[in-house]
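Asker: If you scroll down you'll find the structure; I have some questions about it.
Throughout, read-outs are computed from the coordinates displayed, never taken from laboratory work. As the structure is a prediction and not an experimental result, all values here were calculated from the model. Note: ideal-geometry Cβ built from the backbone for every residue, glycine included; neighbour counts use all protein chains shown.
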Amino acid sequence: MNAQNEPMIIVEQISKQFTLLNQGTQQIPVFENLDLTVNAGECVVLHGPSGAGKSTLMRALYGNYLVGKGSIKVRHGEGQNGAGWVDMSRAHPQHILAVRKSTMGYVSQFLRAIPRVSTLNIVAEPMLILGEDEATAHHKAAELLTRLHVPERLWTLAPATFSGGEQQRVNIARGFCVDFPILLLDEPTASLDSKNRETVTAMIMEATQRGAAIIGIFHDKDVRAKVGTRLFDIKPQEKAA
Ligand SMILES: Nc1ncnc2c1ncn2[C@@H]1O[C@H](COP(=O)(O)OP(=O)(O)O)[C@@H](O)[C@H]1O
Ligand SMILES: [Mg+2]
C-alpha cells in the first residue's frame, strides 16, 4: 500500500461540457479548468448543489467520459522506477481496465444488477478477477455482507428484486472487497438506515487509515464531517442560453 500523503490522483485543467444533439448544438458546460490532487490517506468530499457536476467529475476520473483537454493522472502499479501514472482521459481502453482491476474501485449511486448472478458472486467478482481463489473470495464477500447486515438468505439470489438499500449495500460490499489504493464513492450512504450508514462510515475511515485515496460525494452532513479530510467545491457553471 502506498505511504500516506503520496499523491495518487492528479487532475490538471480539465473541462467537461455536454453537447445536446437534439437541440441543435447546445453546449452544457459542467466544469472548466479544474485542478485537484488527492493523496493517499485523504478523503476529499466533492461538495456542491445537485447538478453541479460531482458525478460527472467522478465518471471522468473513472475513465467513462472524455474530457476536452487537461489530464487525469492516476498512480497505478509499481514500475521499475517507482509508480507508473496512467492518464485516464486518454489512456488506451485496456489500460483503463487494468486501472479499474487493481487500482481504482468505484461505488456508483446504483447497483447494476447482472441477471442471474448471485449476490455472493457479485461481491466476490473483483477478487476473483484479481486471481483470488474462490473459497477465499467467498469468505471475504460473506464477511462484508454480514457486516453490512445483508441477510444470508439473500446471498444466493440475484439482487435485481432487492430493495434500494439492500442493492446499495451489495454495491458497497463489492467496492470494498478489494483494498483498492483509490476509491470513488458516489453517495454510497444515500439509501441506508442509520445503523448501516454508521457501518459504511466506519469502513470509509478504515480505508483512509490504511492509506487509500478517496473521493466521495455524501449528502448526509454527519457522514461528510466524519469521513471527509477536506472539501472540494464544485460550483455550477453559467448554463449557456
Ligand atoms: N450524459 C449527459 N448528457 C447531458 N447532460 C448531462 C449528462 N450527465 C449529466 N448531465 C448534466 O450535467 C450536469 C451535472 O450533472 P451531475 O454530474 O450528475 O451533477 P451532480 O452529481 O453534482 O448532481 C447536470 O446539469 C446534468 O443534467
Ligand atoms: Mg450526482
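Asker: Where both residues lie in the chain, what percent of DSSP beta bridges are antiparallel, nearest 5?
Answerer: On the way: 20 of 36 bridges.
In the chain, DSSP labels about 55 percent of beta bridges as antiparallel.
Asker: Which of the aspartates and glutamates could a cross-linker bridge to K69, judged by Cα under 18 Å and excluding same-chain residues fewer than eight apart?
Answerer: In chain and number order, the partners are E12, E32, D35, D87.
Asker: Then there's this: Fewest Cβ neighbours within 10 Å first, please rank V223, V74 accordingly. Intermediate values should be presented prior to the final figure.
Answerer: Numbers: V223 22, V74 28.
Neighbour counts put them in this order, fewest first: V223, V74.
Asker: Same structure, new question: Can you tell me which of 24-35, 198-209 comes out highest on packing, and rank the rest after it, using the mean Cβ neighbours within 10 Å?
Answerer: Descending packing order for the listed peptides: 198-209, 24-35.
Asker: Divide the volume of the convex hull of the Cα atoms of segment 1-73 by its number of residues and quote the answer in cubic angstrom per residue.
Answerer: Details: hull volume 6.9 nm³, N = 73.
Cα-based convex hull of segment 1-73, divided per residue, equals 95 Å³.
Asker: Which of the DSSP-defined H helices in the chain satisfy a minimum axial length of 24 Å, computed from C-alpha atoms, and a minimum mean Kyte-Doolittle hydropathy of 1.6? Write down the numbers at each step before the final one.
Answerer: Working: long enough: none.
Span-like helices in the chain: none at all.
Asker: Over the chain, what relative contact order in percent results from Cα pairs under 8 Å that are six or more residues apart?
Answerer: Working: 456 pairs, mean separation 70.4, N = 241.
Taking the mean separation of contacting Cα pairs over the length of the chain, I get 29 percent.
Asker: In what sequence, highest mean first, do 160-166, 135-141, 180-186 appear when ranked by Cβ atoms within 10 angstrom?
Answerer: In decreasing order of mean packing, 160-166, 135-141, 180-186 become 180-186, 135-141, 160-166.
Asker: To two decimal places, what compactness ratio does the chain give when its Cα radius of gyration is scaled by 2.2 N^0.38 Å?
Answerer: Details: Rg = 18.1 Å, N = 241, 2.2 N^0.38 = 17.7 Å.
Computed over Cα atoms of the chain, the ratio equals 1.02.
Asker: On full extension of the chain, what length is gained from K226 through R112, given 0.36 nm per residue of separation minus the C-alpha to C-alpha distance? Display every interim value, and only then the final one.
Answerer: On the way: separation 114, 0.36 × 114 = 41.04 nm, distance 2.80 nm.
Going from the current span to full extension adds 38.2 nm.
Asker: Among all lysine pairs in segment 157-241 that are eight or more places apart or on different chains, how many have alpha carbons less than 25 angstrom apart? Don't skip to the answer; put the middle values down first.
Answerer: Working: K195/K221; K195/K226; K221/K235; K226/K235.
So the count works out to 4.
Asker: Turning to a different aspect of this structure: Can you tell me the dipole magnitude for the chain around its Cα centre, using point charges on the Cβ only (Lys, Arg +1; Asp, Glu -1), in Debye to the nearest 20?
Answerer: Values: 25 positive and 24 negative charges, 92 e Å.
With Lys and Arg at +1 and Asp and Glu at -1, about 440 debye.
Asker: How do R174, R169, R224 line up, fewest other C-beta atoms within 10 Å first? Before the final figure, lay out the partial values.
Answerer: Values: R174 24, R169 29, R224 18.
Final ranking by Cβ density, sparse to dense: R224, R174, R169.
Asker: So for E6, E238, fewest C-beta neighbours within 10 Å to most, what's the order?
Answerer: Working: E6 15, E238 7.
Ranked by crowding around the Cβ, least crowded first: E238, E6.
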